[in-house]
1. Taking only pairs six or more apart or across chains, which ones have beta-carbon atoms under 8 Å, a first residue in region 77-100 that is farther than 17 Å from Gly193 by Cα, and a second residue that is acidic (Asp, Glu) and surrounded by 13 or more Cβ atoms within 10 Å (Cβ to Cβ)?
2. Pairs under 8 Å by beta carbon, first residue in contact (Cβ under 8 Å) with a residue 40 or more places away in the chain and closer than 18 Å to Asp74 by Cα in region 198-219, partner open to solvent by less than 10 Å² (accessible area, probe 1.4 Å) and in a helix (DSSP H, G or I), six or more apart or different chains?
3. If I ask for residues that are of a type in the set (Gly, Ala, Ser) and open to solvent by 50 Å² or more (accessible area, probe 1.4 Å), which ones from region 106-152 would you list?
4. Can you find, within region 198-219, the residue that is modelled with the highest pLDDT among those that are open to solvent by 50 Å² or more (accessible area, probe 1.4 Å), more than 13 Å from Ile90 (Cα to Cα) and not in a helix (DSSP H, G or I)?
5. Within the group Arg103, Arg162, which residue is within 22 Å of Ser208 (Cβ to Cβ) and surrounded by fewer than 20 Cβ atoms within 10 Å (Cβ to Cβ)?
6. Only residues in region 163-180 that are at positive phi count as the first member; pair them with residues that are part of a loop (DSSP other than H, G, I, E, B), Cβ under 8 angstrom, at least 6 apart or cross-chain, and list the lot.
Amino acid sequence: MARGIGSWLRNALGQSRIEAETPAVKVTMTTGSLPSGSSKAPDMSPYSRREGVIYRSDHMPPEREAERFYLADDGLPTGYLAHRAGQLVILADGEPEEIVNPRSSRTHRLGLYSFRVRGVTHHAAAVAAGNFSPGATVRLVREPNNEHDSNAIAVYAQHGIRPAGYVNRQNAARLAKRIDAGDELANVVLRGGSAGDESTAPVILVASPAVIAHLRRNL
């Protein structure tokens, strides 16, 4: 019995000495693997680690947004579109990487209008039939004679024959004025599904063609 205890103590002390002399190894866990043949490191941003979800807390607070996202002297916004967590987000130029809140109360003053398409549950077939994947474009069709809203703007997939929903009232009022005045507008889908997916209400960003082209410069 005494010999057994002595052997156990010697082994334990030896193992402790080995562990003390072994340098610590930092282990980093990732949520995905690299595509075959790819040398690009996986996205390790905080929101990608949380099951591909971007939360409100991931957006810049208003005061930071005012400092980092604005119209430069050339009239173009100080940011760019990038793929993050399965959708497109606007990132402010420079470091650190920070996301512009798509529901910001100030971006419409910069000529950018972001909204979730309304009424998709009533137009599920059109949503499922169209391509509303991030980076796609849609068609905005004015409906001045709409009995529910004279500012109504229907949202169609690029090649859709039926509306997939409508611009929300607040942004419809803003955009209707520009469309009726003959302003040229461009758009890009920030979040949504590809053809066959009706589970996600598309989120659209609308601005002038120059601004959309500028934001898409890194895609």
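The values are calculated or read from the model by the stated rules, or taken from the named source; none is laboratory data. Bear in mind that the values here come from a model prediction, so they are computed numbers and not experimental data. Neighbour counts run over all protein chains shown; Cβ positions are idealised from the backbone, glycine included. What goes into the accessible areas is simple: the full protein's heavy atoms, side chains included, and nothing from ligands, DNA or RNA. Shrake-Rupley method; radii C 1.70, N 1.55, O 1.52, S 1.80 Å.
1. That search, which allows pairs on different chains as well, returns Leu91/Glu98; Ala92/Glu65; Ala92/Glu98; Ile99/Asp58; Val100/Glu65.
2. Taking only residues 6 or more apart or on different chains, the pairs are Ala207/Leu215.
3. So the first thing to find is which residues in region 106-152 are of a type in the set (Gly, Ala, Ser), and the list is 111, 114, 119, 124-126, 128-130, 133, 135-136, 150, 152.
Once the filter is applied, which keeps residues that are of a type in the set (Gly, Ala, Ser) and open to solvent by 50 Å² or more (accessible area, probe 1.4 Å), region 106-152 yields Ala125, Ala129, Ser150.
4. Ser199
5. Working: Arg162 fails: within 22 Å of Ser208 (Cβ to Cβ).
Just a single option satisfies the conditions, and that option is Arg103.
6. So the pair list comes out as Gly165/Val117; Gly165/Gly119; Gly165/Ala201; Gly165/Pro202.
To keep it simple, each residue is scored yes or no on (1) modelled with pLDDT under 95; (2) farther than 30 Å from His159 by Cα.
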site: Arg49; (1), (2): yes, yes
site: Glu67; (1), (2): no, yes
site: Gly86; (1), (2): yes, no
site: Asp93; (1), (2): no, yes
site: Ile99; (1), (2): no, yes
